[in-house]
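The values are calculated or read from the model by the stated rules, or taken from the named source; none is laboratory data. Because the structure is a prediction, the values reported are computed rather than measured. Neighbour counts are summed over all protein chains in view; Cβ atoms, including those assigned to glycine, are modelled from backbone coordinates with ideal geometry. Ligands, DNA and RNA are excluded from the accessible area calculation, which covers all protein heavy atoms including side chains. Shrake-Rupley method; radii C 1.70, N 1.55, O 1.52, S 1.80 Å.
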Amino acid sequence: MRRALRNGASDRELSHVLARTRRDFLREAAGVAVGSALFRPAWARAAAAQRKRKVVVVTFGGGARDQETFMQEGQENIPHLMRELIPRASFFTQVVNQGILGHYVATASLATGVYETFNNFAAVSPEWPTVFEYFRKDLKRPSSDAWVVAPSNGFNRIGESSHRSYGSGLGARVILPKRLLTAATSGSGHDYQHLLRDNYETPYYAPELAGSEFELQQLEMLLKVSVDDFKSHAQTLTSPDELSVYIARRLMRQVAPSLLWITLHDIDVAHAGAYSLYVEGIRRTDRLCSELWHAIQEEPEYAGQTTLFVLPDFGRDSDEDAGGNGFQHHRTGDVLSRTTWMLASGPGIRENVVFDRAVDSRDLVPTLGAILGFHASLAQGKPIDEVV
Ligand SMILES: [Zn+2]
């Protein structure tokens, strides 16, 4: 397939070929139908108007290639997506990201619906209003109703932009599980080093934290878990993403925010160059997505009224580009690293269907607005008709 992708076609054509290939693999493996933008039944639209609607967004871990996921040889790494989630979801095979391929800036772009241009390794807020600000301001929701669980201390400002019409006091609350664990182990965290590694690209970048990040005493007050229980539970976990999902599940149980954004990141260990760790990261991410889906079905506050979105922030380089090093990095900005996917599952959303038209990364925020009932006035994408 890769060779065929290279024969003089434009980026747009390449990205479409990739999407069709992804669709064909899914049709063969899971027997999904190919969808068109049909009108949805009235009951589905009525359900969408319910005030108790919730949304959980999960970013799929820092970028994986199709070879290790949706292509035939990769599907064994994503059994939960293939067998549990995709059969219950609308799946978009062509989500194109034209922004900067750094994890913080790309995740911020997903959360604002604008391609943010700030330095990925700087402790800054997004420039444009985040989905959390639109949600809270338009719907007059308290800060407890919008939360981000983020993998790296570098994400501590993702909940709130610096935009003058939004910003201050209107954002999401951000939990940084690694910071929580550092605080809980008060510097003697040698048993937890495997959970504390902060990012996989620049080990020396560790921003000073300031602002509205989660405080340790809230572990007990808010999440209802004692510091000792938290520490002993953390010892059973194998990765930072497992720690994040543990925290996210406590948050769902105790606070039940209507808008919850969980950024997974283990797959990005690929930067270290070990293929086996990268694949292990994909398999773990697949399992954690399933755990979150099950948590949604089991928690009374979420069951039956929650839409789950799963999407990568972006992909990784192809093997063929000399500038890329294959799975290891995302440096070249080639079509493969920019063409990702998204699944959406929840009340009123068609199941077991694949759409291969091009969707833009910036379409997510307006889509969440259409589902939850707010207007993302400065976002540049548009609502994805097939799921709103
Ligand atoms: Zn990376």
Test: residue in segment 242-255 that is touching a residue at least 24 places away in the same chain (Cβ under 8 Å), within 14 Å of the chain's Cα centre (by Cα) and not in a helix (DSSP H, G or I): no
Residue list for segment 149-179, filter: in contact with a Leu (Cβ under 8 Å, 6 or more places away or on another chain), closer than 28 Å to Asp266 by Cα and touching a residue at least 40 places away in the same chain (Cβ under 8 Å): Val149, Ala150, Pro151, Ser152, Asn153, Phe155, Asn156, Glu160, Ala172, Ile175, Pro177, Lys178
Hey, Phe374 in a helix (DSSP H, G or I), farther than 17 Å from Ile262 by Cβ and either among the hydrophobic types (A, V, I, L, M, F, W, C) or modelled with pLDDT of 95 or more (or both) or not: no
Per-region count, segment 335-353, residues modelled with pLDDT under 95, in a strand (DSSP E or B) and touching a helix residue (DSSP H, G or I) at 6+ places or on another chain (Cβ under 6 Å): 1
Among residues of segment 350-361, those that are farther than 17 Å from Val96 by Cβ and open to solvent by 10 Å² or more (accessible area, probe 1.4 Å), counted: 3
Only listed residue being within 16 Å of the ligand (Cβ to nearest atom) and in contact with a Pro (Cβ under 8 Å, 6 or more places away or on another chain), chosen from Ala108, Ala123: Ala108
Flag if Leu277 is under 18 Å from the mean Cα position of the chain (by Cα) and either of a type outside the set (S, T, N, Q) or open to solvent by less than 10 Å² (accessible area, probe 1.4 Å) (or both): no
Some residue of segment 83-92 being within 16 Å of the ligand (Cβ to nearest atom), modelled with pLDDT of 95 or more and under 16 Å from the mean Cα position of the chain (by Cα): no
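Quick grid of which residues meet (1) at pLDDT 75 or above; (2) in a strand (DSSP E or B); (3) buried (at least 23 other Cβ atoms within 10 Å of the Cβ):
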| position | (1), (2), (3) |
| --- | --- |
| Ala37 | no, no, no |
| Arg40 | no, no, no |
| Arg45 | no, no, no |
| Lys52 | yes, no, no |
| Val56 | yes, yes, yes |
| Gly63 | yes, no, yes |
| Gln67 | yes, no, no |
| Phe70 | yes, no, yes |
Matching option when the condition is in contact (Cβ under 8 Å) with a residue 40 or more places away in the chain and either open to solvent by 10 Å² or more (accessible area, probe 1.4 Å) or over 21 Å from Val96 (Cα atoms) (or both), among Leu308, Leu364, Leu292, Leu368: Leu292
Long-range neighbours under 6 Å by Cβ, at least six apart or interchain, first residue more than 11 Å from Gly63 (Cα to Cα) within segment 323-350, second of a type in the set (Ser, Thr, Tyr) and open to solvent by 20 Å² or more (accessible area, probe 1.4 Å): Gly323/Thr332; Gly324/Thr332
Options Trp128, Trp147; residue that is within 14 Å of the chain's Cα centre (by Cα) and farther than 22 Å from Gly63 by Cα: Trp147
Residue tally, condition at positive phi and small (Gly, Ala, Ser), over segment 213-268: 1
Residues being closer than 19 Å to His265 by Cβ and open to solvent by 20 Å² or more (accessible area, probe 1.4 Å) - total across segment 87-117: 2
Set Leu264, Leu259, Leu251: member being at pLDDT 95 or above, closer than 29 Å to Val365 by Cα and within 16 Å of the ligand (Cβ to nearest atom): Leu264
Residues (over 8 Å from Pro126 (Cβ atoms), under 16 Å from the mean Cα position of the chain (by Cα) and in a loop (DSSP other than H, G, I, E, B)) located in segment 151-167: Pro151, Ser152, Asn156, Gly159
Any hit, segment 312-323, residues being on the phi < 0 side of the Ramachandran plot, modelled with pLDDT of 95 or more and within 16 Å of the ligand (Cβ to nearest atom): yes
